[in-house]
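Here's the structure we're looking at; comments come further down.
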Amino acid sequence: MTLPLRVGVRATQLWLRAAEETVAVVAGASRRVIGKVVPSDGAPSEPIARAPEPASETMPPPSPAVTYEQPAVEWDEPAAEPVHVSEQPELVEEVAEPGAEDGAGAEVHVEQPWDGYDRMKAADVIDRLAGASTAELAAVQLYETGTKGRTTVLETVERELRISTGSG
C-alpha cells in the first residue's frame, strides 16, 4: 500500500538531484568564465573547493565541484561628455523639389459655371438657377463653395437640386 508513495518520493528525490547537478554544472561554468577576469592588481583569482555535502541513505554522494571567487573589479568613472557635442540641433541643409511649396496632392480647378459668373450679384445668380439643369446646379455649387461661398446662392442650389432630383 505504501509502495506507490515510496516510488513517488524516490522519483521526486532523483529529479531534484538531477536538477541540483544541472545547476551546479551551469554555475561552475559561469564561475570559470567570471574567474578569467583578472583583478586590477594583476593576480588571478584562486579556486576554492566546496565542502562535500553529507551523504544520505537514499541519495548517492554528490560529486565534488570546484568554485571560484569572483574577483573584485574596479570600474572607471564615466568620461565627461565630449566638448564637440552640442545640445542644440543645427539645420545643415533644407531642400525641396520645385513646386513643393504649393503642397502635396492633386489640385482641383473648377471653371466658372458660365461666362460672366464672377461679375454677377447673388440675386442674379439665383434668378438664373431657376431653369438650370442638374449639371449646372452641381457646377455652381462646386464653384461657389471653392470661391465666394455665398450662403444665399448655396442654399438656393441645394433647394433646386432637391427639386430636380425629387428628393424633397
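Which residues, counting only those in segment 149-168, are without any contact (Cβ under 8 Å) to a residue 24 or more places away in the chain and not acidic (Asp, Glu)? Scanning segment 149-168 gives Gly149, Thr151, Leu154, Arg159, Arg162, Ile163, Gly166, Ser167, Gly168.
When we screen Val140, Val92, Val73 for residues that are at pLDDT below 75, of a type outside the set (Lys, Arg), surrounded by 10 or more Cβ atoms within 10 Å (Cβ to Cβ) and not assigned by TED's automatic domain parsing to the domain that holds Ala11, the only hit is Val73.
The values are calculated or read from the model by the stated rules, or taken from the named source; none is laboratory data. In this text the structure is predicted, and so the values were computed from the model without any measurement. We place every Cβ from the backbone using ideal geometry, glycine too, and count neighbours over all the protein chains shown.
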